[in-house]
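The values are calculated or read from the model by the stated rules, or taken from the named source; none is laboratory data. It should be emphasised that the depicted structure is a prediction, and the values quoted were computed from it without experimental measurement. Cβ placement follows ideal geometry from the backbone for every residue including glycine, while neighbour counts extend to all protein chains displayed. Accessible surface is based on the protein model in full, side chains and every heavy atom, while ligands, DNA and RNA are left aside. Shrake-Rupley method; radii C 1.70, N 1.55, O 1.52, S 1.80 Å.
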Amino acid sequence: MDNKKVSFKNLGRIRYKKAWDLQEELFQSVVDAKVHHTLPKPQYLLFCEHEPVYTLGKSGNRQNLLIAEQVCRSKNIDYYPIDRGGDITYHGPGQLVAYPIIDMEEFHVGVKAYVHKLEEVVIQTLRPYGIAAEKDEKAMGVWIDAQRPAKARKICAIGVRTSRFVTMHGLALNVNTDLAYFNYINPCGFTDRGVTSMQKELGREVDFEEVTYRMKAAFSDVFGMKVVEELCSPTPSF
């Protein structure tokens, strides 16, 4: 019988390294339970915001960070080369980050289908706001005007790591993100495409908690997850 029960926790504002260490701990617990056939099998979905940080994927090009690391430090921006796929990206306040730490085999998906489902989660999250987001088969993530190169802009970055079909890392949706931080990098290695946010597309600040609620619902819908709150909070009335 498939185990689609996933423990949800909203970590709030947290520095990247602390969240990464927690991911590693939970990831190992899921892998160990799978290897040793431990029941019940743990699975997790973490949401958070980060303090300003640039992360460089394992196949990324260091030259896509356009400022020196000491300049990053002077601007209070952390920098970490990490073990996910993809190139360089930015995380910071006003950005909703989701880290699913799940066994893909329980959801009957491989890596490619898993990434497509992450993209669909974001597309569903954005739909009620009238933002027509889409996938681009040539570039991972979620885009607006993906088929119009001069106007294509990324609203959500995706980068994952898998081992024994267990996942970590995930997605980062720009909600009310300060996009100026992207000026110091070639986001995801692109030099010819822009970035955007919900705030920029809508011309107004967006209710972050509402987006969080909608994204959690989209994970349940797209993956068929049974999301269990670790920290209970009242259900908002949108």
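Annotation: of all residues in the stretch 122-170 being among the hydroxyl-bearing types (S, T, Y) and surrounded by 21 or more Cβ atoms within 10 Å (Cβ to Cβ), the one that is nearest to P100 (Cα to Cα) is T167. Screening the stretch 103-150 for residues that are of a type in the set (F, W, Y) and touching a strand residue (DSSP E or B) at 6+ places or on another chain (Cβ under 9 Å) and picking the one that is farthest from H37 (Cα to Cα) gives W143. Within the stretch 108-121, track down each residue that is open to solvent by 10 Å² or more (accessible area, probe 1.4 Å) and part of a helix (DSSP H, G or I). V111, K112, A113, V115, H116, K117, E120 - these are the residues of the stretch 108-121 that are open to solvent by 10 Å² or more (accessible area, probe 1.4 Å) and part of a helix (DSSP H, G or I). Scanning the stretch 131-167 for residues being in a loop (DSSP other than H, G, I, E, B), in contact (Cβ under 8 Å) with a residue 12 or more places away in the chain and at positive phi gives a total of 2. Does any residue of the stretch 175-184 turn out to be open to solvent by 60 Å² or more (accessible area, probe 1.4 Å), modelled with pLDDT of 95 or more and touching a Pro at 6+ places or on another chain (Cβ under 8 Å)? Looking through the stretch 175-184, at least one residue is open to solvent by 60 Å² or more (accessible area, probe 1.4 Å), modelled with pLDDT of 95 or more and touching a Pro at 6+ places or on another chain (Cβ under 8 Å). Among residues of the stretch 85-107 that are in contact (Cβ under 8 Å) with a residue 60 or more places away in the chain and in a strand (DSSP E or B), those with a beta-carbon under 6 Å from a residue that is aliphatic (A, V, I, L, M) and open to solvent by 20 Å² or more (accessible area, probe 1.4 Å) at least six positions away or on a different chain give the pairs I101/L26. Taken together, the residues in the stretch 196-228 that are assigned to a helix (DSSP H, G or I), loosely packed, with under 15 Cβ neighbours inside 10 Å and among the β-branched types (V, I, T) amount to 0. The C-beta contact set for the stretch 57-77 (first residue within 13 Å of Y90 (Cβ to Cβ), second residue part of a loop (DSSP other than H, G, I, E, B) and polar (S, T, N, Q), distance under 6 angstrom, 6+ apart or interchain) comprises N64/N186.
Among the residues making up the stretch 11-41, those that are open to solvent by less than 70 Å² (accessible area, probe 1.4 Å) and touching a strand residue (DSSP E or B) at 6+ places or on another chain (Cβ under 7 Å) are L11, G12, I14, Y16, A19, Q23, L26, F27, V30, V31, K34, K41.
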